[in-house]
Amino acid sequence: MDIDLKGRVALVTGGSRGIGAAIALALAEAGADIAINYRERASDAETIAASVRAMGHRVIAVAADVSKADAVAGMVAKVDAELGPVDILINNAGIALIRGIDDLTEADFDETIAVNLKSAFLCTQAVLPHMRARAWGRIVNISSGAARGAGGVGLHYNASKAGMEGLTRGYAARLVKQGITVNAVAPSLIETDMVKSGLASSPARIPLGRFGTSAEVAVVVMMLIGNAYMTGQTVALSGGMSFN
């Protein structure tokens, strides 16, 4: 796809590695200036920032715990001051605490909802004023096949991702007349550290016969950003494990 994002500013939460990093690089290749959010992996974020800089685009790496309102406000203000207001938001930050029903604690549940779901709400609320003022915006939420299936992480993770898809539809319905699209991508078993570290050691149950790649997720994200007529949708990416 030939998408021209020159002059646009994109913020990718959890953008220091894996899916977030692949999306940040794809956005930069399309011409956008990039803000890479991270919580702890500063060196990884700076590595991605260096790659974006090498493409000739402006980029910053900004540390923030996006589950906290004050941190999100500070992050968005920093992006605004150094790059300009956010035009494109990728809500990718997330955690996957693998827990069974009997060992899932209240603290685990609360942290998962805060990082995976509340963060998308906080970041979206923070960037909406500018998007509304310009009557243009693109928001893509990174969900998971676990939103509609059993998954392997736990019911807390299922709930957080199902909530994200509900949030996607709710925002899309209310922003559709303001030039802002809101969509989600629901990948399953992408070859990331999370998957390889214990969620699935083998792709044996994937009909396609392999794990997906972060780059393949980024392609779908770019399709959603480039399509002004598509909003409120969740695109599944599962190698044939499930169908909408």
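Can you show me the helix-derived [θ] at 222 nm for the chain, built from DSSP H runs with n ≥ 4 at -39,500 (n - 2.57) apiece and divided by the number of residues, rounded to the nearest 500. The partial results should precede the final answer.
Working: 7 runs with 97 residues, N = 244.
Mean residue ellipticity, 222 nm, calculated: -13000 deg cm²/dmol.
Return the inverse of the average 1/r over all pairs of distinct C-alpha atoms in segment 58-212, which is the Kirkwood hydrodynamic radius, in Å to one decimal. Each step should come with its number before you reach the end.
On the way: mean 1/r = 0.0599 Å⁻¹.
After inverting the pairwise mean of 1/r, the radius is 16.7 Å.
Which value, in debye to the nearest 20, describes the size of the charge dipole of segment 124-244 about its Cα centre when Lys and Arg Cβ atoms bear +1, Asp and Glu Cβ atoms bear -1, and nothing else is charged?
Numbers: 11 positive and 4 negative charges, 79 e Å.
With only Lys, Arg, Asp and Glu charged at Cβ, the dipole is about 380 debye.
Step through the residues of segment 92-99 one at a time and calculate ³J(HN,Hα) from phi using the Karplus curve (6.51 cos²θ - 1.76 cosθ + 1.60, θ = phi - 60°), rounding each to whole Hz and writing x for Gly and Pro.
Once θ is set to phi - 60°, the couplings for segment 92-99 become 10, 4, x, 10, 9, 7, 6, 9 Hz.
Roughly how tilted is helix 214-226, in degrees to the nearest 10 and between 0 and 90, from the longest Cα axis of the chain?
So the helix axis and the longest Cα principal axis differ by about 50 degrees.
List the residues, sorted by chain then number, that are 5 or more residues from Ala63 or on another chain and whose placed amide H is less than 5 Å from its amide H.
Tyr38
Give me the lysines in straight-line cross-link reach of Lys78: C-alpha distance below 23 Å, same-chain residues under 8 apart excluded.
Partners found: Lys6, Lys68, Lys118.
Just so you know, all these numbers are worked out from the coordinates, no wet-lab data involved. Because the structure is predicted, anything quoted here is derived from the model rather than measured. As a convention, Cβ positions derive from the backbone with ideal geometry for all residues, glycine included, and neighbour counts pool all protein chains shown.
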